[in-house]
1. In what sequence, largest accessible area first, do Thr26, Thr92 appear using a 1.4 Å probe?
2. Through the Karplus equation 6.51 cos²θ - 1.76 cosθ + 1.60, θ set to phi - 60°, convert the phi angles of the stretch 55-61 into ³J(HN,Hα) values in whole Hz; use x for Gly and Pro.
3. So if I place +1 on the C-beta of Lys and Arg and -1 on the C-beta of Asp and Glu, and nothing else carries charge, what would the dipole magnitude of the chain be about its Cα centre? I want it in debye, nearest 20.
4. May I ask you to list the aspartates and glutamates whose Cα is less than 18 Å away from that of Lys43, ignoring any residue fewer than eight positions away on the same chain?
5. Kindly sort Thr126, Thr77 by accessible area of their heavy atoms, largest first, with the probe set to 1.4 Å.
6. Once you've got the GNM for the chain with C-alpha springs shorter than 10 Å, pick whichever of Glu88, Glu46, Glu58 has the biggest mean-square fluctuation.
7. Within the stretch 17-85, which chymotrypsin sites (Phe, Trp or Tyr not before Pro) sit in a loop by DSSP and count at most 13 neighbouring Cβ atoms inside 10 Å?
8. Can you tell me the Rg and the Dmax, both Å, for the Cα atoms in the chain?
Amino acid sequence: VVELVESGGTSVQPGGSLRLSCSASTLTVSNNLMAWFRQAPGKAREGVACINGYGSLEYADSVKGRFAISRDNADNTLYLQMTDLKFEDTATYYCAAATFAPCVPGWETKVGQYDYKYWGQGTQVTVSA
C-alpha cells in the first residue's frame with residue numbers, strides 16, 4: 001500500500017507542457033504540507049514547490065513563472081502544472097507530505113527538520129528534442 005502515487009511523467013519537447021498528478025490515499029492533501037521535489041541523475045534532490053493547508057505557495061527560483069502547484073480537495077490530489085519545459089527540468093519528480101511543516105521561503109532547505117512522512121514512488125519527466 002502506497003500513500004502517494006505520482007503519475008503524468010513522460011517525454012516532452014522543450015517548451016512543452018505537462019501536468020503531474022499525485023493521488024493521495026488516506027492522508028488529506030488539504031490538511032498537510034504538500035510538496036514536489038525532483039532529482040536528476042547524479043544530482044541532489046531539490047525542492048520544486050509547496051502548498052500548505054492554508055493555500056500558501058512557494059516555488060524554487062528555477063521554476064517560478066513556469067510551474068504551478070495546486071490541489072483538488074474533492075479528488076484528494078496534488079498537481080504540478082509544468083509549462084515552458086526546459087532540458088534542466090529533466091528529473092524524477094516526487095510528491096511528499098508533511099503534517100506540520102512550513103511553506104515559506106527556504107522551505108526546501110528544512111526537509112530534515114520536519115517530518116516529511118510520506119513520499120511517492122516518483123514519475124520521470126524527460127525533456128528532449
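The values are calculated or read from the model by the stated rules, or taken from the named source; none is laboratory data. Every value quoted in this text rests on a predicted model; they were computed, and no experiment measured them. Cβ sites come from the backbone with ideal geometry, for glycine too, and all protein chains shown count toward neighbours. The accessibility values were calculated without ligands, DNA or RNA, using every heavy atom of the protein model including side chains. Shrake-Rupley method; radii C 1.70, N 1.55, O 1.52, S 1.80 Å.
1. Numbers: Thr26 115, Thr92 30 Å².
Sorted by accessible area, descending: Thr26, Thr92.
2. Computed from phi, the couplings for the stretch 55-61 are x, 5, 10, 9, 9, 5, 4 Hz.
3. 120 debye
4. Asp61, Glu88, Asp89, Glu108
5. Numbers: Thr126 45, Thr77 15 Å².
The ranking, largest first, comes out as Thr126, Thr77.
6. Glu88
7. Details: sites: Trp36, Phe37, Tyr54, Tyr59, Phe67, Tyr79; in loops: Tyr54.
Qualifying residues, ordered by number: Tyr54.
8. 13.5, 40
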